[in-house]
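To start, the structure itself, in structure tokens.
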Amino acid sequence: MKFRKIKISNGRVITPYRIIPGGTVLVEGDRILAVSEYDIPSGDALEIDAGGRYVAPGFIDIHVHGGGGSDFMDGTVDAFLEVAQKHLQYGTTAMTPTTLSSDTASLMKAVELYEAALPRNKRGAAFVGLHLEGPYFAMNQRGAQDPRYIRPPQPEEYKAVLERTSSVVRWSAAPELPGALEFGRYLRDRGILPAVAHTDAIYEEMLEALECGYTHATHLYSAMSGVTRRNAFRYAGAIESAFLMDEMTVEIIADGVHLPPALLKLVYKIKGADKTALITDAMRAAGMPPGESILGALDNGLKVIVEDNVAKLPDRSSFAGSVATADQLVRNMIRLADVPLIDAVKMITSTPAAIMGIGDRKGALTAGKDADIVIFDEDIQMDTVIVGGEILYQQQPQHQLHEADR
């Protein structure tokens with residue numbers, strides 16, 4: 001539902017600096033007009049009584065592959081729209097659709113479909129750019145990525161892709177591969193975020209990568225080197241490098257499975273809320289019942305089984321993907337890692353916004369920013385989700401008061 005003005009009152013409003021009890025948020029059009037600890041005269045605005053619930057910026061998922069039975073590699077516009085609509089229900093108001101390692105034609109197709117879906121995405125989380133994950137990975141750290149497509153960076157390939165589009169905002173790769181540093185510089189010069197991923201890099205290689213623009217670590221700990229030995233000597237891996245390098249931001253799959261509570265606590269303690277983003281890294285089974293599923297495209301993806309709140313290879317030898325939703329990430333950081341609510345929210349709002357360079361318009365409840373807002377209870381269960389000033393999900397419509405209809 002679209003209204004010219006929306007007034008949210010009687011909520012615990014989470015700003016970048018504090019939680020305002022009984023606060024008010026006023027929206028006009030697609031922007032936040034005002035945030036106050038006092039009542040704001042609203043005229044003919046639609047009024048929403050938050051009923052003491054939390055009012056926060058919409059959640060931003062900068063690494064997600066699918067959900068609701070669809071995947072961004074399915075090869076259809078409908079798949080893009082269905083994923084955006086499913087994750088919206090759990091508080092995601094913005095996302096960067098993410099690909100898997102594939103051939104050149106499939107990469108090109110993903111770009112085309114993203115651009116076709118962009119103007120049609122009216123009922124789901126907003127798209128804020130495309131994230132290409134792979135295929136430039138270390139074979140030894142490929143995880144569930146298809147080994148048929150793993151290869152070093154190929155200039156003729158990535159230049160052909162990027163010369164056709166401005167939609168790619170991030171590309172994840174292993175920086176130790178031949179040509180990867182040149183690749184990072186090329187991305188940086190085009191304003192695209194190079195991210196370290198699926199890598200066997202050691203500290204010395206990570207340092208070179210940082211200098212070439214690799215300032216972000218994709219799903220820290222997952223498919224990433226730790227302390228290693230070469231010719232009997234120990235070397236710090238990509239994980240330790242990310243901790244050591246203050247300039248590097250990280251993201252974590254806080255589903256409570258990929259990383260145990262102790263590692264969630266460690267990342268928060270070392271990198272902090274300002275340098276750590278929460279991601280779902282969700283595949284198509286997110287928001288779906290347990291059972292058999294497919295990682296990647298329906299026609300040639302990898303068969304997996306979903307149980308214990310994670311996707312596994314059929315032989316259960318390894319995790320094969322996340323089925324998390326954004327609300328679970330926040331809930332887990334609070335319950336499993338003892339992170340304060342305001343920091344847990346920051347890690348899925350202002351921090352990912354800053355990492356992706358969209359902090360000027362998203363990620364905080366401040367005047368002038370996009371009206372992407374969520375209202376949730378103590379259990380991080382969504383009551384209302386607003387994207388661009390439009391109410392796209394509401395659990396309890398009876399809380400609304402239509403002033404204009406009086």
Task: Of LYS275/LYS346; LYS5/LYS346; LYS159/LYS275; LYS269/LYS369; LYS7/LYS369; LYS265/LYS346, those spanning more than 18 Å from alpha-carbon to alpha-carbon - done: LYS5/LYS346; LYS159/LYS275; LYS269/LYS369
Open item on the list: Tell me the net charge near GLN381. Cut-off is 15 Å between Cβ atoms, GLN381 excluded, with +1 for each Lys or Arg and -1 for each Asp or Glu.
Closed with: -1
Open item on the list: What do you get for the angle between helix 326-335 and the principal long axis of the chain? Use alpha-carbon atoms, 0 to 90 degrees, nearest ten.
Closed with: 90
TODO: Label the range 328-397 by shape, choosing from rounded, prolate and oblate, from the square roots a ≥ b ≥ c of the eigenvalues of the Cα gyration tensor; if a/c is under 1.5 it is rounded, and otherwise prolate applies when a/b is larger than b/c, oblate when it is not.
DONE: oblate
Task: Relative packing of peptides 93-100, 60-67, 387-394, 41-48 - highest average C-beta neighbours within 10 Å first - done: 60-67, 93-100, 387-394, 41-48
Open item on the list: With the alpha-carbon atoms as the only input, what is the per residue convex hull volume for the range 257-315 in Å³?
Closed with: 110
TODO: Check the straight Cα-Cα distances from LYS312 and name the lysines below 20 Å, setting aside those fewer than 8 residues away within the same chain.
DONE: LYS303
Open item on the list: Just to be sure I understand the model, the point goes 7 Å from the Cα along the line to the Cβ. What's the resulting VAL161 to LYS269 distance in nm?
Closed with: 3.8
- [ ] Compute the separation of the alpha-carbon centres of the range 211-239 and the range 141-156 and state it in Å as a whole number.
- [x] 18
Task: the range 149-157 - phi-based ³J(HN,Hα) in whole Hz, Karplus 6.51/-1.76/1.60, Gly and Pro as x - done: 10, 6, 6, x, x, 10, x, 5, 7
Task: Added length on full extension, which subtracts the Cα-Cα distance from 0.36 nm per residue, ASP377 to THR76 - done: 104.8 nm
TODO: Grab the Cα-Cα distance for SER318 and ARG4, subtract it from 0.36 nm times how many residues apart they are, and report the gain in nm with one decimal.
DONE: 108.1 nm
Task: Per-residue [θ]222 nm for the chain (sum of -39500 (n - 2.57) over DSSP H runs n ≥ 4, rounded to 500) - done: -6500 deg cm²/dmol
Task: For the range 117-127, Karplus couplings with θ = phi - 60° (6.51, -1.76, 1.60), whole Hz, Gly/Pro x - done: 6, 3, x, 8, 7, 9, 10, x, 4, 5, 8
Task: Cα gyration tensor shape for the range 59-355, rounded if a/c is under 1.5, else prolate or oblate - done: rounded
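Computed from the coordinates by the stated procedures, all read-outs in this text should not be read as laboratory data. All of these numbers come straight from a predicted model, not from anything done at the bench. With ideal geometry, Cβ positions are generated from the backbone for all residues, glycine too; neighbour counts draw on all protein chains shown.
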